[in-house]
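What follows is a short report on a single structure.
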Amino acid sequence: MSTDALAAALAELPLVDHHVHGALRDDVDRAGLELMLTESDRPVPPWMTQFDSQIGFAVRRWCAPVLGLPAHPAPEAYLSRRRELGAAEVNRRLLAASGIDHYLLETGYGGAEILGTDEMARASGRPVDEIVRLESVLEDVARSGVAAADLPERFRETLAARTVDAVGLKSIVAYRFGFDFDPARPSDDEVTAAAGAWLAECARTGTVRVSDPVLLRFVLWSGVDRGLPIQLHAGYGDPDVELHRCDPLLLTRFIRNVQPHGVDLMLLHCYPFHRNAGYLAQVFPHVFFDVGLGVNYTGVRSDAVVAESLELAPFAKILFSSDAWGPPELHHLGALLWRRGMLRAMAPWVGSGEWDLDEAVRVARMIGHDNARRVYGLEGGA
Amino acid sequence: MSTDALAAALAELPLVDHHVHGALRDDVDRAGLELMLTESDRPVPPWMTQFDSQIGFAVRRWCAPVLGLPAHPAPEAYLSRRRELGAAEVNRRLLAASGIDHYLLETGYGGAEILGTDEMARASGRPVDEIVRLESVLEDVARSGVAAADLPERFRETLAARTVDAVGLKSIVAYRFGFDFDPARPSDDEVTAAAGAWLAECARTGTVRVSDPVLLRFVLWSGVDRGLPIQLHAGYGDPDVELHRCDPLLLTRFIRNVQPHGVDLMLLHCYPFHRNAGYLAQVFPHVFFDVGLGVNYTGVRSDAVVAESLELAPFAKILFSSDAWGPPELHHLGALLWRRGMLRAMAPWVGSGEWDLDEAVRVARMIGHDNARRVYGLEGGA
Amino acid sequence: MSTDALAAALAELPLVDHHVHGALRDDVDRAGLELMLTESDRPVPPWMTQFDSQIGFAVRRWCAPVLGLPAHPAPEAYLSRRRELGAAEVNRRLLAASGIDHYLLETGYGGAEILGTDEMARASGRPVDEIVRLESVLEDVARSGVAAADLPERFRETLAARTVDAVGLKSIVAYRFGFDFDPARPSDDEVTAAAGAWLAECARTGTVRVSDPVLLRFVLWSGVDRGLPIQLHAGYGDPDVELHRCDPLLLTRFIRNVQPHGVDLMLLHCYPFHRNAGYLAQVFPHVFFDVGLGVNYTGVRSDAVVAESLELAPFAKILFSSDAWGPPELHHLGALLWRRGMLRAMAPWVGSGEWDLDEAVRVARMIGHDNARRVYGLEGGA
């Protein structure tokens, strides 16, 4: 009885997805879809299929019915139905059925192949706000042509302009260097020197990709000055990452340094270090975390990941995200698996009388909705 | 049937709490209590309450009935009832209902606000033995006035005097430095040099707080010479900790160096590194561990933590502790949640015939009682 | 119903044990058996017994009936029955009942006390292929007498000869140094210099045991040149290991360097870092892993370990191994506990309709059988 009520409350909860990317604009073939159902950037070997994985099983189990197929179709049948409906209809169905009410779209990765903020708003019928990726702004500044000595000020101006309507910032220092960076703010002289070397390298190689730790620290601290919540990729990601250097515990000194500035730090994903993130969220008032991404990729096992996220952190410090990028299956599953994980965790607690039903519903609403609205100061939506 | 028998055996088991601190002497207001229900030392932000956390829910679920309230009262109702009963009665009820039979009280942190050994014995009606914190003894020596050259010998004499009746020692090297210290014993010359610098700093700043790694190693090795079991804070703790430097695996070389001395090393708390501690307890005969502290702060999720503690380590190498400090809710929950976790872990094993009921009861008694009595050579109690 | 079908399919699945050692040749006394039921190399202290551990309980629960005893006998009764049957019959019964169909025997550790490849084939009645330990080949070369300047070429020749019929290689760089080694291939000059120092040390000490990181890297890269799959001990092991230096994530750069060579890397054991291994297996096409060893030592808790192994990695990238060495109880339990863990993980997924029954059976067959046959190019067996 109380489980039914909890299930109903979770099913109806309008979610704020506080870290997500655009859905795919066009149809995709099987090889393309498989590559977007893994964090690997290597081709899927011919002796295997990414459909034989937790996320591949989850797509076939939970997304197929939304597209009008029975559960567990063969991959080819699934692809065929996807083509039949067309990308726009696939997006429309899977986004609508996700129950995500408000998207905070991180726009710094991927171009024409995914939907932008306005397009996501149209495809989903829901409000979309923007999260700006710090490193992308710096790379845009470099591409626009700038002298090293002018780079610090030009970056700050560009960031200010670029974030007039943004609700948050994002850092991928974990990808580009690791969390074992010097936690102090670099001086403008250090930044100028590093910028000189980097701009010369950009000119020489024709590639604009920042990985210099001084520059990465510079954009992070500029983000702190900007005053918006800063999302940090943490934990699990693609093979560029050295995962042991993405343990959020390595941020401890940086977190301490940021605290006096009153800026919130949002640790994203965190798997398999989500218990560590829960510790940081308990002891530092300005640290928050989610277990997005990992939830999708662990499929039926995501109930364990969600449950593990409900340990040390006060419930006001945990958020929901899908971290979906591309296939709307990822947006849909992010929401579905989080609801499922919360239900599986809390139902026995409520059933045994150890948690109160109303409190469980309130906790779900905090994590799925209220905390994000408070931290990002959101308007619109439910 | 066998689950009922197991539940009954666990409920009646007289526990030895091998690492615990004094209960709170006086009444406490809501802000004060919330700050003692987190390892954070930062004020709880106004937009949240620590009652909305696993431990906050656990207090309201399990402690409220001991104070004569229905389960799940509102925080204000709980605080009001607490005030009505008064600190002494709150202590008396929650300590008695914990079923803790014998307290090993670590006395190195906190002063007049918590009960000392004799007072805890009176409040609980149970025997209390003392664990002496090594760093506190050193800081007392510094405060008493000592020349650097005399410090090594004076510390050893003071430690001997201070531990005449103690059953164990405690080190907080994890807090003050991390486990990545040089595992070798420092020479007295090194210690004298470090002591000179430290005493000068104490004089200059007026603050006596040891964090020099040479001095921390000196007190540790002096503890080894003293021959009592040494408890080491490991894993989860307050924001002073750099948690990744508190992984007990970083102690591996120190553990090897200590083995010939025949001194037992007791790894405390260990969350989220408790599986690592289980490994050390399997391979090193003189290493033991518990999952106290983390059990309290994970509330209903502590069953997972307790279960994870029952993997690699032989059952003779696991102990029970609450690590409670201050609110007697923590003493109470430490015991209650450990019993609950053991029952939830073992009941299905016994139910399926994979474990024998009598063996399960014996294992619970080893972990909750016998192992501590053997390691610390306890008398008195059950 | 579907659970019964799944249980039956798992029970009948002919396993390929892709990393295992020989069974014990002779009878063993209680002290000897206890020492082989732990990764510790220290004597079991007199105040405890290794039978009071997860693996000790598992032996008495599951192996006793295979030897004709009721479940949960006292240790002495178990030892007595073992002696009564004799080592050959104990081996025969426990190996046969394991349902292991094909053994890939790692022959680099232990001599006359355990069975060799031919003997294991006779004792089990099943095909046995060989995995050659790289470091043992190097140590054999040193023992045979070789000048430093000749060592690189002599090692390559010996490895080629030694692996004519082998199906894979094994590295214990985790034991001898750690995974934090320079991931680049050493030059022959570096190798010759390191060999000079090592051979002199061997001569001086009379002990031939390689731990020099240049030589360890040399044999690893020679293994890559040999072109067979390379197994790497990762995670949990004996007290020689510094476990935090055996986290497979520390191999990330080496893994990247190996990828162009087309050689598969098999991460063995991995506990408690098996989630990290799952990440590597998802993002790198040539990385595979198993959770052997840890499964045995966690007994009834191994269902959690097996479930945790079913998260990020595609199902084509996970394998089964027992890592048994010596007592055939370990071979038996490795298989039994893996089947049990797979059933406990998948039965609720199938029961809820979240996984399809046929797919679950197929996944079990991939992990337990097909993946190993494909990676190692096996013939014979089921």
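The values are calculated or read from the model by the stated rules, or taken from the named source; none is laboratory data. Here the structure is a predicted model, which means the values were calculated and not measured. Cβ: placed from backbone, ideal geometry, glycine included. Neighbour counts: every protein chain shown. When the accessible area is computed, the model is the full protein with side chains, heavy atoms only, and any ligands, DNA or RNA have been set aside. Shrake-Rupley method; radii C 1.70, N 1.55, O 1.52, S 1.80 Å.
Quick look at the values:
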item: Alpha-carbon spread of the stretch C:171-281, three principal axes, descending order, Å; result: 43, 34, 20
item: Enclosed volume per residue, in Å³, of the convex hull spanned by Cα atoms of the protein assembly as shown; result: 176
item: Computed over chain B: relative contact order in percent, which uses C-alpha pairs under 8 Å that are six or more apart; result: 22
item: Relative contact order (%) - criterion: Cα under 8 Å, at least six apart; region: the stretch A:241-299; result: 35
item: Qualifying GluC sites (Glu not before Pro) in the stretch A:302-382, DSSP loop, other Cβ atoms within 10 Å at most 10; result: A:379
item: Whole-number D in µm²/s for the stretch B:114-233 (Stokes-Einstein; Kirkwood sum over Cα pairs; 20 °C, 1.002 mPa s); result: 143
item: For residues of B:342-349, the mean tally of beta carbons on other chains within 10 Å; result: 1
item: Cross-link reach list, lysines versus residue B:317, counting only Cα pairs under 26 Å and skipping chain neighbours closer than eight places; result: B:170
item: Residue-normalised accessible area of the stretch A:29-85, expressed per residue, 1.4 Å probe, Å²; result: 38
item: Percent carbon-and-sulfur accessible area, the stretch C:66-216, ignoring ligands, DNA and RNA, probe 1.4 Å; result: 50
item: Environment charge of residue A:147, counting only residues whose C-beta is closer than 12 Å and scoring Lys/Arg +1, Asp/Glu -1; result: -1
item: The stretch A:236-317: C-alpha gyration tensor shape, a/c 1.5 cut-off, then a/b vs b/c; result: oblate
item: Residue mean of other protein chain beta carbons inside 10 Å, A:354-365; result: 3
item: Burial ranking of peptide ranges C:296-304, A:342-350 (average Cβ count within 10 Å, highest at the top); result: C:296-304, A:342-350
item: Minimum 40 Å² accessible area buried by the other protein chains, the stretch B:30-65 residues, probe 1.4 Å, relative to alone; result: B:42, B:47, B:48, B:52, B:54, B:57
item: Rounded tilt (10° steps) of A:328-351 against the dominant C-alpha axis of chain A; result: 60
item: Added length on full extension, which subtracts the Cα-Cα distance from 0.36 nm per residue, residue B:42 to residue B:164; result: 40.2 nm
item: Per-peptide average of other Cβ atoms within 10 Å, ordering C:20-26, B:145-151 highest first; result: C:20-26, B:145-151
item: Loss of accessible area when A meets B, both sides summed, Å² nearest 100, probe 1.4 Å; result: 3200
item: Residue-averaged beta-carbon neighbours from other chains (10 angstrom radius) around B:265-278; result: 3
item: For the protein assembly as shown, calculated [θ]222 nm from helices alone, where every DSSP H run of n ≥ 4 adds -39500 (n - 2.57); result: -14000 deg cm²/dmol
item: Protein-protein interface of the stretch C:304-337, residues with accessible area decrease of at least 50 Å², isolated chain reference, 1.4 Å probe; result: C:311, C:312, C:314, C:315
item: Cα gyration tensor shape for the stretch B:29-85, rounded if a/c is under 1.5, else prolate or oblate; result: prolate
item: Length-normalised contact order of the stretch B:29-85 in % [C-alpha pairs under 8 Å, at least 6 apart]; result: 25
item: Simple label model, 7 Å out from Cα along Cβ direction - residue C:182 to residue A:140, nm; result: 4.4
item: Centre separation in Å (Cα based) which lies between the stretch A:253-312 and the stretch B:322-344; result: 25
item: Kirkwood Rh in Å, taken over the stretch A:1-100 so that all alpha-carbon pairs contribute; result: 15.2
item: As computed over chain B, the Cα convex hull volume per residue (Å³); result: 134
item: Loop sites in the stretch B:23-97: chymotrypsin sites (Phe, Trp or Tyr not before Pro), DSSP, at most 14 other Cβ within 10 Å; result: B:47
